[in-house]
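The values are calculated or read from the model by the stated rules, or taken from the named source; none is laboratory data. Model, not experiment: these values are computed from the prediction. Cβ atoms come from the backbone with ideal geometry, glycine included; neighbour counts cover every protein chain shown.
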Protein chains: 2
Amino acid sequence: MKKNLLLTPGPTQIPPDICAALGRPIIHHRTPQFQQYLKDAVEGLKYVFQTKSDVLIMASSGTGGMEAAVANLLSPGDKAIVVEGGKFGERWTELCKAYGAIPVVVKVPWGKGVEPKQIKEAMAANPGVKAVLITLVETSTGVTNDVRAIADVVKNTEAVLVVDAISGLGVVDCQMDNWGVDVVVSASHKGFMCPPGLAFIAINAKAMKMAEACKSPRYYFDLRKAKKVMEKETDTPFTPAIGIVIALNESIKHIKEQGLEKVFAHFARLAKATRAAAVALGLKLYPDDSCMSNALTTICVPEGVDGNKIMKVMRDTYGISVAGGQGEELKGKVIRIAHMGCIDEYDIITGISCLEKVLKELGYKFTLGSGVAAAQSVFNS
Amino acid sequence: MKKNLLLTPGPTQIPPDICAALGRPIIHHRTPQFQQYLKDAVEGLKYVFQTKSDVLIMASSGTGGMEAAVANLLSPGDKAIVVEGGKFGERWTELCKAYGAIPVVVKVPWGKGVEPKQIKEAMAANPGVKAVLITLVETSTGVTNDVRAIADVVKNTEAVLVVDAISGLGVVDCQMDNWGVDVVVSASHKGFMCPPGLAFIAINAKAMKMAEACKSPRYYFDLRKAKKVMEKETDTPFTPAIGIVIALNESIKHIKEQGLEKVFAHFARLAKATRAAAVALGLKLYPDDSCMSNALTTICVPEGVDGNKIMKVMRDTYGISVAGGQGEELKGKVIRIAHMGCIDEYDIITGISCLEKVLKELGYKFTLGSGVAAAQSVFNS
């Protein structure tokens, strides 16, 4: 019997009561009962997105939510500033190109966060830019960007700030209204501890006005229609992913019970312990100190050891899943241990303990137990 | 305790073992284990679609699959023939317009199937038409279109035939390869007895060639990319709806165990009994005899009785869900009893029995038990 523990940055571990909710008999979506689920889900999402604006739910994975942002905000020929500091930043560029918008790419070295002044300079050099597209947690590198400081740069301009918070929402702080973010995209299978299959998009009045005027083709991801149908009929324009919306209600109950502040502190603690463990094992952390994410920890593997092998042995032999490195830059060179999802300190202890076992097997020299002890010392301080 | 039986045309009743599969702990999608599920799902879909062509799986509801067809096949300014004989035919028109394609609308009176010669005439009058967009089962009216005869008209032309088989696939016969259909769209929550959240699209070489040349913007629904990623990595381009893909494996096992021929015969029998019951109750069937669907039965409600009230009382008081009428044409005037999903003869008996109870309550005069007896007589012959 293996544990099959997911310490991966999406999908994340689903709590047993949410699994049970997913196994319930299905109900029809055009019923008062489901309308209540939908309404409660939207209210709960507003709490987690920290917004009073509309939050719309779509049946798609997170990328569908990103496409909804681009297709509703950018017309062909429009310029958008895109921050590329990893694989998910690159997705914004690809989306802009797919829709004939012109991405003004701000390149950031992998492992670093974007400097707000880079955005400021790009905006000054490109008057008339319609949107700034950034990533809250760049999962491929383990970086959290300083959304608040970026919002300070964008908020008094004509442009809208769009944050891909698929990874990180409900895990690290992201105050849509207070900070002045216009659009936030997220999904069901990371901080929300549900299976993949739902995208969420929060959109304020400034951005919705832009959506009304936008000329790009859209139908399934048409936010004007989604807003109208939700307001008039408490419904989605197309059949919703019923089961996951119901599961989301359970997830939101968990988050609300704790309160966002405690939730963020919990993940910060898991991250702190994981980092301490890595350092105690003599391993380097990949991201810069200044932007290291509490959603996941990216650890450089020791010289001569293949990170993908660590990942595979942990998963296939011992049933503990972490993620390997993505892209030419990081393949085989890092492992990524996520803290998102239904993860507690004992899951982190388990993950570190398994990492130690596999590092030993692969011939890396260190004091067995030193990683776990360092994590314990954080958890018990 | 209510039964909460779904005799609705999507979502449909999910068998208990599929509910249980949905409640299992999640696994990661980038694992050999999930790749096997994905591979088996695609193989199984090919069996049900009756095709050797690619079948691609997307995380969206069925409409996303329809959008994938339009966005990958039609460039702005392209002409497409669209059959409008109900609400879902109209969706093709809306999608064409959203993408700047020009819909040539073939209007069919509600309750009737399209005549193949109408398509032939429309094609003759519009040379250079790129696609013919039709509906297998028009759920809003209860009609099955004669896809085979339409394919005979389209198959030796430059145009591709695209069938929205969201409703009806795995319920009524639709032989993609044998009949010469180029693209078939379906979804998880009707014949496949799973929750909504997956769209399927089968696309042959002729249509894929058109997708390569198409100029419409697309990213999430880009079929070129989906085909490439599936072939090279047994993966989907974006995080799949993991839980529903796993459930789909169970559903396909059920369908394969029976074999398509038996499955179609089963639904034909349920439809025959439902029709017999309606007639015995003195009610008229809405669609023409020639095109009445085996996927659902649309029954005209008696003069002076509100169809929506029947639907609501059956659902809210007795826990048996049927569908009401859609659109100005049919709202309140019909009820629709679906046979799709995990439905057996006793579910139909239950549905008819509940319909009789509610008709009595609403003052309609008939011999109590006559509907159930008529259904039983079909089931026992």
For region A:36-89, the count of residues that are surrounded by fewer than 23 Cβ atoms within 10 Å (Cβ to Cβ) and small (G, A, S) equals 4
Of the residues in region B:187-212 that are touching a helix residue (DSSP H, G or I) at 6+ places or on another chain (Cβ under 7 Å) and not hydrophobic (A, V, I, L, M, F, W, C), the one that is surrounded by the most Cβ atoms within 10 Å (Cβ to Cβ) is B:G197
Would you confirm, using the coordinates I've provided, whether A:D177 is surrounded by fewer than 24 Cβ atoms within 10 Å (Cβ to Cβ) and either within 21 Å of the chain's Cα centre (by Cα) or not aromatic (F, W, Y) (or both)?
yes
Taking region A:23-39 and keeping only residues that are in contact (Cβ under 8 Å) with a residue 40 or more places away in the chain, more than 17 Å from A:T239 (Cβ to Cβ) and facing chain B (nearest Cβ under 8 Å), one is left with A:R24
Residues of region A:147-164 being in contact (Cβ under 8 Å) with a residue 40 or more places away in the chain and either under 20 Å from A:E90 (Cβ atoms) or out of contact with any helix residue (DSSP H, G or I) (no Cβ under 8 Å at 6 or more places or on another chain) (or both), in sequence order, are A:V162, A:D164
Considering region A:221-253, residues that are acidic (D, E) and part of a helix (DSSP H, G or I), and then whichever is surrounded by the most Cβ atoms within 10 Å (Cβ to Cβ), we arrive at A:E250
Of the residues in region A:90-102 that are free of Cβ contacts under 8 Å to residues at least 60 places away in the same chain and surrounded by fewer than 21 Cβ atoms within 10 Å (Cβ to Cβ), the one that is nearest to the chain's Cα centre (by Cα) is A:E90
Meets criteria (touching a Lys or Arg at 6+ places or on another chain (Cβ under 9 Å), buried (at least 24 other Cβ atoms within 10 Å of the Cβ) and not in a loop (DSSP other than H, G, I, E, B)) for B:T350 | no
Checking the structure you have, find out if any residue of region B:312-326 is at pLDDT 95 or above, basic (K, R) and not in a helix (DSSP H, G or I).
no
Among residues of region A:254-290 being polar (S, T, N, Q) and either under 17 Å from the mean Cα position of the chain (by Cα) or more than 27 Å from A:A21 (Cα to Cα) (or both), the residue surrounded by the most Cβ atoms within 10 Å (Cβ to Cβ) is A:T274
Residue count, region B:292-332, condition at positive phi and within 12 Å of chain A (Cβ to nearest Cβ), comes to 1
Listed by first then second residue, the pairs whose first member lies in region A:340-366 and is at pLDDT 95 or above and of a type outside the set (D, E), whose partner is surrounded by fewer than 15 Cβ atoms within 10 Å (Cβ to Cβ) and part of a helix (DSSP H, G or I), with beta carbons under 9 Å and at least 6 positions apart or on separate chains, are A:C342/A:P16; A:F366/A:K360
